Amino acid sequence: MNIHEYQAKDLIAKFGVKVPRGHVAYTPAEAENAAKELGGELFVVKSQIHAGGRGKGGGVKVVKSIEEVKSEAKRMLGMTLITKQTGPAGKEVKRIYVEEGCDIARELYLGMVIDRATSRITMMASTEGGMEIEEVAARSPEKILKEAIDPTVGFMPYQARNLAFGLGLEGKQVGKCVQFMTALYNAFLSCDASLTEINPLVVTGNGDIIALDAKMNFDSNALYRHKDIEALRDFDEEDPKEIEASKHDLNYITLDGSIGCMVNGAGLAMSTMDIIQLKGGKPANFLDVGGGATTEAVTAAFKLILSDENVKAVMVNIFGGIMRCDIIAQGIIEAARALDIKVPVVVRLEGTRVDEGKKLLSESGLTLITADDLNDAAEKAVASIQ
């Protein structure tokens with residue numbers, strides 16, 4: 001789950017991470033009042049969407065008066081902001097963040113992720129603040145400093161100092177950076193975060209260390225332990241299909257192809273998408289119904305796939321272990337009877353109760369394309385739309 005910048009700042013500030021003062025606003029009038037409350041002569045008006053690159057798309061502006069704050073709020077609110085991460089469709093700006101200005105001396109980068117290579121939380125830092133870390137990694141990987149954190153002892157002060165010295169900090173800045181990094185680690189660990197990114201991390205004119213921007217993602221499987229964080233979810237920023245899928249405990253991601261996929265198991269789903277590509281097609285979605293899906297969940301999954309107008313065929317690939325093939329078959333039958341299916345449906349079943357599943361399908365009266373194996377299913381799915 002993702003949250004907005006202002007929400008991430010509110011969250012990490014509770015752990016002692018220093019952030020600029022600011023207020024969220026949903027109307028130009030609220031933005032004006034926020035600027036008045038902040039005071040001063042320099043403000044930053046920031047659009048709030050779940051995507052990076054907002055500044056390049058015109059979604060972040062530095063202004064020097066309350067009147068300009070209101071003017072920028074009028075321009076941003078309701079606009080469709082297009083960035084590298086939103087794609088060409090962009091995202092509508094429904095809220096903005098009005099923040100106090102900052103005396104920036106240096107811009108740095110600081111981030112935390114769970115590194116799958118080491119199976120440890122890793123803190124990364126770079127002198128290339130304000131740039132996307134992927135660009136830095138591609139162009140100047142030597143400028144990315146890393147410290148893998150041993151879970152038995154946690155984030156150690158010497159690791160923070162290593163990063164601080166690597167960033168070229170000196171004197172009291174080192175101590176402040178150690179405090180900042182330690183607080184950020186505590187926030188990451190306590191909130192079950194999967195990613196935290198401070199870009200840029202700013203050194204101010206008087207030597208303070210401040211999070212000028214903040215991004216946080218969370219492990220959705222741990223949200224039951226964090227109802228306060230779960231409450232921050234902004235459904236307007238998510239695909240309606242993915243929201244509907246989450247109601248049935250389905251793992252669903254919309255893609256840009258034309259062959260809908262319904263599979264049990266993430267690994268098998270990835271293999272299914274790969275073989276569809278290999279045979280010359282493109283998957284329209286990733287959908288893992290899981291190992292314990294009910295007939296109702298399978299029916300919901302089928303409806304989700306067919307709700308995508310780009311879907312020209314559906315490929316069902318089930319390898320029954322915990323998941324029973326007869327349950328999948330019954331779900332397909334119920335969905336087919338509830339919906340007016342006008343696209344070819346290719347079904348490959350194997351595993352637990354496969355004979356019962358195939359019998360249900362054959363006796364259903366539905367027009368289905370059966371397949372003997374994964375290769376056969378992919379070929380038939382691609383051929384059905386050509």
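Every number in this text was worked out from the coordinates using simple rules, so none of it is lab data. Note that the coordinates shown come from a computational prediction; the quantities given were computed from them, not determined experimentally. Heads up, the Cβs are rebuilt from the backbone with ideal geometry, glycines too, and the neighbour counts pull from every protein chain shown.
Pick out, in residue order, every one of the GluC sites (Glu not before Pro) in region 118-202 that is DSSP loop and has at most 11 other C-beta atoms within 10 Å; say none if there are none. Listed in order of number, the matching sites are E170. Once backbone amide H atoms are built at 1.01 Å from N, V345 has V314, I369 as its partners under 5 Å, excluding neighbours fewer than 5 places away on the same chain. Cα gyration tensor of region 4-122, axes a ≥ b ≥ c as square roots of the eigenvalues: rounded (a/c below 1.5), prolate (a/b > b/c) or oblate? Verdict is oblate for region 4-122.
Taken along its three principal axes, the alpha carbon spread of region 179-293 comes to 60, 32, 26 Å, from the longest extent down to the shortest.
Pairwise alpha-carbon distances in region 155-220 exceed 19 Å for 33% of all pairs.
Using only Cα coordinates, the Kirkwood hydrodynamic radius of the chain works out to 23.5 Å.
Here region 221-380 has an Rg and Dmax of 15.6, 49 Å, counting Cα atoms alone. The fewest-to-most ranking of I3, I318 by surrounding Cβ atoms within 10 Å reads I3, I318. With the charge dipole of the chain set up from +1 on Lys and Arg Cβ and -1 on Asp and Glu Cβ about the Cα centre, the Cα lying farthest toward the positive end among the listed residues T204, S362, V346 is that of T204. To the nearest ten degrees, helix 266-278 and the longest principal axis of the Cα atoms of the chain are 80 degrees apart. Mind running the shape call on region 99-154? Use the C-alpha gyration tensor, a ≥ b ≥ c as the square roots of the eigenvalues: rounded below 1.5 for a/c, prolate if a/b tops b/c, oblate otherwise. Since a/c reaches 1.5 but b/c is at least a/b, the shape of region 99-154 is classed as oblate. Exposure proxy for S194, S220: other Cβ atoms within 10 Å of each Cβ, ordered fewest to most, give S220, S194. Report, in whole Å, the centroid distance computed from the Cα atoms of region 241-310 and region 320-373. Comparing the Cα centres of region 241-310 and region 320-373, I get a distance of 15 Å. Among the GluC sites (Glu not before Pro) found in region 22-116, those both in a DSSP coil and sparsely packed, with 15 or fewer other Cβ atoms within 10 Å of their Cβ, are E41. The lysine pair count for region 159-291, using Cα distances under 23 Å and pairs eight or more places apart or on different chains, is 5.
Neighbour counting of Cβ atoms within 10 Å sorts the residues R225, R75, fewest neighbours leading, into R225, R75.
Set Lys and Arg Cβ to +1 and Asp and Glu Cβ to -1, take the dipole of the chain about its Cα centre, and tell me which of I229, V63, V263 lies farthest positive. Most positive-ward Cα: V63. A simple charge model with +1 on the Cβ of Lys and Arg, -1 on the Cβ of Asp and Glu and nothing else charged puts the dipole of the chain at about 460 debye relative to its Cα centre.
Model label points for Q386 and K94, set 7 angstrom from Cα along the Cα-to-Cβ axis, are 4.3 nm apart. With an a/c value of 1.5 or above and a/b not larger than b/c for the gyration tensor axes a ≥ b ≥ c computed over the alpha-carbon atoms, region 334-386 is described as oblate.
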